[in-house]
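As structure tokens, the structure follows; a few thoughts come after it.
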Amino acid sequence: MKKGTRGVVLSIRPEIQAERLKVTVSIRTDSGETVEAHMPDRELAAVLPRSILLGSGSSAHPSLMDTMTPILARMTEGRRVRVWQYKDRWFFSFQPWRGVRFRDDTESTRSA
């Protein structure tokens, strides 16, 4: 698989490792390969805002996973991502906003 490849998240697997939340996802790349990739902390923070789930606390009960797992699934599964390798591990990131173009559909319907 080439560096910087793109794909779609098929499924997520959140788990507690060494008292920390780690999320692994299965991604189907554009070339049809399936790869297991890790969710970087910055992506996790974008999907699961800590301040909303924990307030100012720094510890959580494992039962919070029952709340976080469906949120992670809904916010991640089916999304298009970029996949890359770093130190023999695969990671992914969501598509950046800079590629998004806002268009006014009312303009196209007025001219039709």
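The values are calculated or read from the model by the stated rules, or taken from the named source; none is laboratory data. Quick caveat: nothing in here was measured; it's all calculated off a predicted structure. Glycine gets a Cβ as well: all are built from the backbone with ideal geometry, and neighbour counts include every protein chain shown. When the accessible area is computed, the model is the full protein with side chains, heavy atoms only, and any ligands, DNA or RNA have been set aside. Shrake-Rupley method; radii C 1.70, N 1.55, O 1.52, S 1.80 Å.
Relative to the longest principal axis of the chain, what angle (0 to 90°, nearest 10) does the C-alpha long axis of helix 65-76 take?
Its long axis makes an angle of about 20 degrees.
Relative contact order for segment 40-112: what is it in percent, counting Cα pairs under 8 Å that are at least 6 residues apart? Write out the running numbers ahead of the final one.
Working: 31 pairs, mean separation 19.6, N = 73.
About 27 percent, as a whole number.
Among VAL9, LEU54, LEU21, which residue has its Cα positioned farthest towards the positive end of the charge dipole of the chain, with +1 placed on the Cβ of Lys and Arg, -1 on the Cβ of Asp and Glu, and the dipole taken about the Cα centre?
It is VAL9, whose Cα lies furthest towards the positive end.
For segment 1-96, what relative contact order do you get, as a whole percent, if you take Cα pairs closer than 8 Å and at least 6 residues apart?
35 percent
Could you give the dipole magnitude of segment 1-84 about its Cα centre, charging the beta-carbon of Lys and Arg +1 and that of Asp and Glu -1, in debye to the nearest 20? Provide the component values of the computation, followed by the final result.
On the way: 13 positive and 9 negative charges, 77 e Å.
So the magnitude is around 380 debye.
Report, in deg cm²/dmol and to the nearest 500, the calculated mean residue ellipticity at 222 nm for the chain, where each DSSP H run with n ≥ 4 adds -39500 (n - 2.57) and the sum is divided by the residue count.
Calculated at 222 nm, the ellipticity per residue is -7500 deg cm²/dmol.
Where does each of 5-13, 82-90 land if you order them by average Cβ count within 10 Å, highest first?
On the way: 5-13: 16.7, 82-90: 12.7.
Per-residue mean Cβ counts within 10 Å order the peptides as 5-13, 82-90.
Leaving out ligands and nucleic acids, and using a 1.4 Å probe, what accessible area per residue does the chain come to in Å²? Spell out each step's value before the answer.
Details: 8170 Å² over 112 residues.
Result: 73 Å² of accessible area for each residue.
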